[in-house]
Amino acid sequence: MDTVLRAEGVDLFYGEQHAVRKADFSLARGEVAAIMGSSGSGKSSLLYCLAGVLPPTNGTVSFEGVPFSTLPDEELSALRRERIGFVFQYGELLSELTVEENAALPLRLAGIDKDRAHVIAAQVLRRLGLGELLRRRTSKLSGGQAQRVAVARALVHRPDVVFADEPTGALDSTNAAQVLDEFLQLARGQRTAVVIVTHDADVAARADSQYTMSDGVLAQRVAV
């Protein structure tokens, strides 16, 4: 198995709160993994640790065998910018920019010229049903539209791993299916690994591997 990401014995504390407890997790290239759990179970906290956004209190998270903790801040920031995509639960778009400009941001940060970046961003946005909204300010979007823009932004640079925190939570069934199709296409076609945190059993059912989280404890679900 070509492992791209591995977590071993990950603990995360917020003060006295033990949010993640001794989590072990591995992810292969092209694998889609779903983590399910109720609100407050620790699944989003784990996702932030896996993406290198939050350092674990104990344990290690490694990308291609290199622990995040050994990387200087500048190298870790570059890795997250260039090789990781992240879909935040509430989008976190820049309201002063258009849909197309938001989606193109990772490409622009990677040094790709504006015209080329916008062409690539527009292609992804159209696949997600947003082709008519390219010039619209994101402050004028519905919650579901904004979430699809956030998904496009995470995918445009074809990262090695995409982390998605409730990416379909604000979407109807049709648009949720479009988003999942896009993740699966990227995984199958580009061998991008995907980790999806979700409440939705139908979303999790389409993943290659499924995990549950409760009171900070991660467990893999075994097919029967």
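Odds and ends about this structure:
- Residues that are under 14 Å from the mean Cα position of the chain (by Cα), farther than 29 Å from R108 by Cβ and not hydroxyl-bearing (S, T, Y) are absent from the range 55-63.
- When A193, A219 are checked against the criterion of being over 14 Å from the mean Cα position of the chain (by Cα) and either more than 24 Å from V119 (Cα to Cα) or at pLDDT 90 or above (or both), a single residue qualifies: A219.
- Note on the range 158-201: residues that are under 19 Å from L109 (Cβ atoms) and either touching a strand residue (DSSP E or B) at 6+ places or on another chain (Cβ under 7 Å) or hydroxyl-bearing (S, T, Y) (or both) total 6.
- Qualifying residue in the range 84-96 (condition: within 19 Å of V203 (Cα to Cα), touching a strand residue (DSSP E or B) at 6+ places or on another chain (Cβ under 8 Å), at pLDDT 95 or above and among the β-branched types (V, I, T)): no
- Which listed residue, of L107, L97, L79, L50, is in contact with a Ser or Thr (Cβ under 9 Å, 6 or more places away or on another chain) and either among the β-branched types (V, I, T) or within 22 Å of R158 (Cβ to Cβ) (or both): L97
- Counting the residues of the range 164-186 that are touching a Ser or Thr at 6+ places or on another chain (Cβ under 9 Å) and among the acidic types (D, E) gives 2.
- The range 94-106 - residue that is aliphatic (A, V, I, L, M) and under 21 Å from the mean Cα position of the chain (by Cα) and, of those, surrounded by the fewest Cβ atoms within 10 Å (Cβ to Cβ): L94
- Hits in the range 91-103 (condition: in a helix (DSSP H, G or I) and touching a helix residue (DSSP H, G or I) at 6+ places or on another chain (Cβ under 6 Å)): V99, E100, N102, A103
- Residues being β-branched (V, I, T), within 17 Å of V87 (Cα to Cα) and at pLDDT 90 or above are represented in the range 142-149 by at least one member.
- Those residues of the range 13-27 which are under 19 Å from the mean Cα position of the chain (by Cα) and surrounded by 14 or more Cβ atoms within 10 Å (Cβ to Cβ), in sequence order: V20, A23, F25, S26, L27
The values are calculated or read from the model by the stated rules, or taken from the named source; none is laboratory data. Owing to the predicted nature of the structure, the values given are computational and were not obtained by experimental measurement. Using ideal geometry, Cβ is built from the backbone for each residue, glycine included, and neighbour counts are taken over all protein chains shown.
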